[in-house]
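J.: Supplied in structure tokens, the structure appears directly below.
The values are calculated or read from the model by the stated rules, or taken from the named source; none is laboratory data. Please read these numbers as outputs of a predicted model, since none were measured by experiment. Cβ placement follows ideal geometry from the backbone for every residue including glycine, while neighbour counts extend to all protein chains displayed.
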Amino acid sequence: MAIKAEHEIHKRRFSRNLGVGLALTGFAALMFALSIVKITSLGGPIQGFDHVARPELTEIVK
Amino acid sequence: MTDTNASAFQHEAGFGDYFALLKPRVMSLVIFTAFVGLLVAPVSVHPVIGLCSILFIAIGAGASGALNMWWDADIDAVMKRTANRPVPAGRVTADEALAIGLALSVMSVVFLALAANILAAGLLAFTIFFYAVIYTMLLKRWTPQNIVIGGAAGAFPPMIGWAVATGGVSLESVLMFALIFMWTPPHFWALALFMKGDYDKARVPMLTVTHGRRVTRNHILVYTVLLVPVAIGLGLTSIGGPVYLAAAVLMNAWFLKGAVDIWRRDETAADADAYRTEKSVFRFSILYLFLHFGMLLVEATLRGFGLGGW
């Protein structure tokens, strides 16, 4: 049996890797969309506190 | 990996083999009925939340399919209909099926709880448990009533869809459950009548094997008679309407006629025309369920335009 660079087994492995890759990418995208929907449905601002001061998020003390 | 002989590679699975573990054909029915349950509910759901919820319900159903294939690999190998499934065919090991089944079960339940609510997630967890443990491990090989009780697993998805939207259980969602639950026995027993031999060889106690074909014909008629009031009753609830009711009356009359035809025949008559009546009733039963849920969807759409409903 001649040794071929591309065996049928490589195709099967590629299909598996491609499938898992696409499934994970799709899942991440969907979770991102879900997060946006959930956060915006709360009605508040979409940005949160970070290590930098964000004056627009702090309440004004009268 | 130390084992490098050629035969080990020959059986390496492609992506499709793992996908086949999730029983895509059963999954399509689950997606459809869960989708209808979600859409006919009186509370509207954000499309992204709806899409995610349906996806997780489908993944949960697929996970229970993988667990079923892990446990049943021995009998699947014996039956012609299932011999080519990934585990008995040797493309995926039973351990892999178990790992995928467990991982996807946990993932789907957790994410459904996050995307929708705890009740919907709890119902999904119960469905997976019911199908994988109660049906596959306990009932299937033990009692001829296996498919009657096991049918409950297939009946939960519209109820989960309804719970995603409303966060609760109601008469409507229980009746959608009951419709699939009562439909399952006549559907599968009609199949068992003409799929002779398969279950026999695998020693699965189907009603046709344990109590004979005459008793099975009687059972088909009784369960069909019990199914009719459920299907009609659903039309009188808030999700029904004149369009559904008219279609349901026609389909139930036709299904009942088919069940009576099966009941009146014996094996000589069935053998003579190669189980024509049984096969046509089986085919119609698929259309029957599809159209009932389709009509609920039509009613929901009509309500959007201020039409339909009661």
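J.: Out of the stretch A:36-50, which residues are more than 9 Å from chain B (Cβ to nearest Cβ) and exposed (fewer than 13 other Cβ atoms within 10 Å of the Cβ)?
T.: Taking the stretch A:36-50 as the starting set, the residues that turn out to be more than 9 Å from chain B (Cβ to nearest Cβ) are A:39-40, A:42-50.
Within the stretch A:36-50, A:T40, A:L42, A:G43, A:G44, A:P45, A:I46, A:Q47, A:G48, A:F49, A:D50 qualify.
J.: While we're here: For the stretch B:38-49, indicate whether the set of residues that are surrounded by 21 or more Cβ atoms within 10 Å (Cβ to Cβ), within 14 Å of chain A (Cβ to nearest Cβ) and aliphatic (A, V, I, L, M) is non-empty.
T.: no
One line per residue, one yes/no per condition, for (1) of a type in the set (G, A, S); (2) at pLDDT 90 or above; (3) more than 16 Å from B:N218 (Cβ to Cβ):
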site	(1), (2), (3)
B:K257	no, yes, yes
B:V260	no, yes, no
B:V281	no, yes, no
B:Y288	no, yes, yes
B:L291	no, yes, yes
B:M295	no, yes, yes
B:L302	no, yes, yes
B:L307	no, no, yes
B:W310	no, no, yes
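J.: Taking into account only those residues within the stretch B:173-196 that are more than 24 Å from B:M27 (Cβ to Cβ) and touching a residue at least 24 places away in the same chain (Cβ under 8 Å), which is surrounded by the fewest Cβ atoms within 10 Å (Cβ to Cβ)?
T.: Out of the qualifying residues, it is B:F194.
J.: Please identify the pairs in which a residue from the stretch B:235-251 that is free of Cβ contacts under 8 Å to residues at least 40 places away in the same chain has its Cβ atom under 9 Å from the Cβ atom of a residue that is in a loop (DSSP other than H, G, I, E, B) and of a type outside the set (V, I, T), counting only partners at least 6 apart or on another chain.
T.: If the second residue must be in a loop (DSSP other than H, G, I, E, B) and of a type outside the set (V, I, T), the pairs left are B:G235/B:G241; B:L245/B:L236.
J.: Given the conditions (1) assigned to a helix (DSSP H, G or I); (2) touching a residue at least 40 places away in the same chain (Cβ under 8 Å); (3) crowded, with 19+ Cβ neighbours inside 10 Å, and given that B:M137 satisfies all but one, which numbered condition is not satisfied?
T.: It is condition (3) that B:M137 fails.
J.: Within the bounds of the stretch B:69-83, is there any residue that is surrounded by 19 or more Cβ atoms within 10 Å (Cβ to Cβ), at pLDDT 90 or above and within 14 Å of chain A (Cβ to nearest Cβ)?
T.: no
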